[in-house]
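**Student:** Just passing along the structure, written as structure tokens.
Just so you know, all these numbers are worked out from the coordinates, no wet-lab data involved. If you're wondering where the values come from, they're calculated on a predicted model, not measured in any experiment. Heads up, the Cβs are rebuilt from the backbone with ideal geometry, glycines too, and the neighbour counts pull from every protein chain shown.
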Amino acid sequence: MAFRSIGAGGRAEDGGEDSRGGGAGSGKLSFYEAAPDEEISLEDFEEYALDRLRVLKGIEEERSRGKKMEEMDPLVSDLWRKHMGSDSSKKDVISHFILRLAYCRTYGIFFRFSLFWISRLFNSRVFSEDLRRWFLGIESVLFRHRFRCEMPAAQQKLMDDCNLPYKAMTSAEIEAVKENLESVARSTNQVSNSKMYYKVPFEDVPELVSGRKVYLRRGEAFVPREQLSFLVVGQFRSRLSKALVLTNRKWISFIAGEEKDRLAPMVEALSTRYLGPDYTQPKSSNEISLQDLDQLAKASFPLCMRSLFFQLRDDHHLRHGGRQQLGLFLKGIGLKLEDALAFWRAEFSRKVGVEKFDKEYAYNVRHNYGKEGKRTDYTPYSCVKLIMSTPGVGDHHGCPYRHFSEDKLRASLGGLGLNSRQVSSALEKTRSQHYQLACAEVFEAVHGCSSDGINHPNQYFEQSRALLQQPKEEPASGGENNNNDANEEKTTLMIS
Ligand code: SF4
């Protein structure tokens with residue numbers, strides 16, 4: 001495919017001193033203001049986008065673990081080297097623009113939907129704006145680390161190319177105001193090891209000016225090098241934000257229509273693409289039997305599957321979205337086709353009768369196992385896919401942390417045995433739209449140990465089984481009875 005121009009842009013070059021030697025600081029950084037004008041194959045189109053997505057998701061994961069900016073530098077460099085390669089400027093620019101297309105979308109596209117969907121419009125809009133905000137935030141973090149890894153000469157070249165009025169001061173200029181710079185640093189208790197300063201228009205650093213944290217002369221603020229990345233990232237973020245709005249307009253007005261049979265489905269699927277392990281086949285060798293299901297649901301199902309499972313047990317019916325979500329999950333944890341048919345038949349027949357089940361619903365169960373239609377072995381849904389789904393009235397599928405009302409979620413978390421502090425903390429994460437973090441926190445509360453983060457309901461299940469099946473440690477002498485009590489109490493909490 002060939003890219004169409006969406007703006008103008010520049011590149012930095014290697015040079016200078018103080019390289020951090022990171023793979024992300026390749027000297028090819030840009031503000032992505034000009035879309036590449038070249039042909040690439042559809043395979044490369046998808047591969048480039050997925051590789052950048054792996055970098056962005058990796059950054060998100062590390063940040064969610066509370067890593068500081070300095071700790072992130074080597075991690076981002078490793079991620080970049082691993083997925084984007086060392087000579088990656090072409091891939092860098094192309095992949096950025098593909099993801100810009102995927103993540104620029106907002107509610108505009110939803111106006112095409114019929115009136116039936118208008119009741120859901122608000123949720124859809126919020127989530128689509130989340131997409132844009134997520135991309136803007138993580139791309140800015142990536143840019144900041146790559147900028148910090150660049151040498152001063154490359155940084156200056158980038159700033160010049162992007163018409164940023166920030167100039168490195170010469171040694172003579174610094175020497176002339178040295179006492180003033182030291183006096184500002186002393187008065188604000190700043191510890192600056194910087195031997196480099198930049199002249200910046202004072203209106204670009206209002207916080208430093210109002211906090212008297214910077215020396216000013218003739219409308220210019222003299223900013224130490226450590227502060228430079230904040231300024232440049234601010235500019236990057238603001239330009240990217242505007243560019244995303246423009247890209248979205250173009251996407252709606254012609255790109256989506258022109259590419260509706262070719263690129264549009266690929267681009268739209270990128271934002272829900274799951275990049276972790278495949279759970280089509282069960283990871284553990286343990287067979288799941290029908291008799292075990294209720295206990296497994298209580299002990300090891302994530303909230304999304306647990307609530308669907310017990311909804312089915314109560315109502316003996318689930319609508320299509322719920323059947324797909326739960327059915328594929330059960331397949332992924334190891335429920336054989338015969339058992340799956342028996343499970344769904346036992347429930348549905350109580351509501352619709354055996355004959356109707358065999359006629360209208362059994363096909364779908366076999367279809368999910370690749371025994372009907374195109375004979376595709378369907379994959380269980382990831383967290384992102386479930387979080388992005390839009391359950392309607394009467395549906396029970398989706399992610400509870402995103403789709404349940406706060407009261408319902410609070411009650412569900414209480415049902416897992418969480419105390420009020422743990423419930424409040426999970427709700428707090430949910431309110432700030434960190435649904436998977438909330439889920440990971442609940443996992444930790446229920447299992448009493450840390451988790452590696454939750455990206456997939458089947459991953460939650462696998463992690464839970466691995467923990468619960470660990471051989472119990474030998475009790476310390478003299479404490480046998482107490483420890484047994486504690487173990488029993490914990491088991492009750494997990495399966496109640
Ligand atoms: Fe399920 Fe994922 Fe939501 Fe947890 S975060 S409830 S595993 S969809």
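**Student:** Rounded, prolate or oblate: which one fits segment 400-452, using the alpha carbon gyration tensor with axes a ≥ b ≥ c (rounded when a/c is under 1.5, else prolate when a/b beats b/c, else oblate)?
**Tutor:** The shape class here is oblate.
**Student:** Could you pull out every residue, at least 5 positions away or on a different chain, whose amide H is within less than 5 Å of the one on Tyr197? Hs are placed 1.01 Å off N in the peptide plane, and Pro or chain starts have none.
**Tutor:** Result for Tyr197 returns Met169.
**Student:** Sort 339-349, 45-55 by packing, meaning the average of other beta carbons within 10 Å per residue, with the highest value first. Write out the running numbers ahead of the final one.
**Tutor:** Working: 339-349: 17.9, 45-55: 19.5.
So the order, starting with the most tightly packed, is 45-55, 339-349.
**Student:** Given Cβ point charges of +1 (Lys, Arg) and -1 (Asp, Glu) and nothing else, what value in debye, to the nearest 20, does the dipole of segment 162-230 about its Cα centre take?
**Tutor:** Values: 10 positive and 9 negative charges, 18 e Å.
Approximately 80 debye in magnitude.
**Student:** Where does the charge balance sit around Asp315 when Lys and Arg score +1, Asp and Glu -1, over other residues with C-beta under 11 Å from its C-beta? Walk me through the numbers before you get to the answer.
**Tutor:** Numbers: positive: Arg313, Arg319, Arg350, Lys351; negative: Asp314, Glu347.
Counting the neighbours of Asp315, the net charge comes to +2.
**Student:** Then there is this: Would you mind ranking Asp130, Asp315 by Cβ crowding within 10 Å, fewest neighbours first?
**Tutor:** Least to most surrounded, the residues fall as Asp315, Asp130.
**Student:** Sort 324-333, 410-419 for me by packing, meaning the mean count of neighbouring Cβ atoms within 10 Å per residue, highest on top.
**Tutor:** 324-333, 410-419
**Student:** To continue, here is another question. Under a 5 Å amide H to amide H cut-off, with H placed in plane at 1.01 Å, what residues pair with Tyr32 once short-range neighbours are removed?
**Tutor:** Gly10
**Student:** Now for a different question. Give me the one-decimal nm value for the distance between modelled label points at Arg366 and Asp395, 7 Å along each residue's Cα-to-Cβ direction.
**Tutor:** 2.7
**Student:** Arg431 to Ser89: extension gain in nm, 0.36 nm per residue of separation minus the Cα-Cα distance?
**Tutor:** 119.3 nm
**Student:** For the pairs Lys260/Lys371; Lys331/Lys371; Lys82/Lys385; Lys408/Lys429; Lys28/Lys67, note any where the Cα-Cα span goes beyond 19 Å.
**Tutor:** As for pairs spanning more than 19 Å Cα to Cα, those are Lys260/Lys371; Lys82/Lys385; Lys28/Lys67.
**Student:** Please turn the phi angles of segment 388-405 into ³J(HN,Hα) values with the Karplus equation 6.51 cos²θ - 1.76 cosθ + 1.60 (θ = phi - 60°), one per residue in order, whole Hz, x for glycine and proline.
**Tutor:** With the stated coefficients, segment 388-405 comes to 7, 5, 10, x, x, 4, x, 8, 10, 7, x, 10, x, 5, 9, 9, 6, 5 Hz.
**Student:** Using the Cα centre of segment 155-234 as origin and beta-carbon charges of +1 (Lys, Arg) and -1 (Asp, Glu), tell me which of Pro224, Ala176, Val200 is placed farthest towards the positive end of the dipole.
**Tutor:** Ala176
**Student:** Would you list, by chain and number, the aspartates and glutamates whose Cα falls below 13 Å from the Cα of Lys68, excluding same-chain residues fewer than 8 positions away?
**Tutor:** Hits, sequence-local ones excluded: Glu60.
**Student:** Applying a 10 Å radius around every beta-carbon, put 384-390, 443-449, 212-218 in order of their mean neighbour count, most first.
**Tutor:** Top of the packing list down: 384-390, 443-449, 212-218.
**Student:** HN-Hα J couplings of segment 149-155 from phi, Karplus 6.51/-1.76/1.60, θ = phi - 60°, integer Hz, Gly and Pro as x?
**Tutor:** Per residue, the Karplus-derived 3J(HN,Hα) values read 7, 7, 6, x, 5, 5, 5 Hz.
**Student:** Check which residues have an amide H placed less than 5 Å from Arg319's amide H, if you skip close sequence neighbours.
**Tutor:** Amide H neighbours of Arg319: His396.
**Student:** Between beta-carbons, use under 11 Å as the cut-off and find the net charge around Lys167, counting Lys and Arg +1, Asp and Glu -1.
**Tutor:** -2
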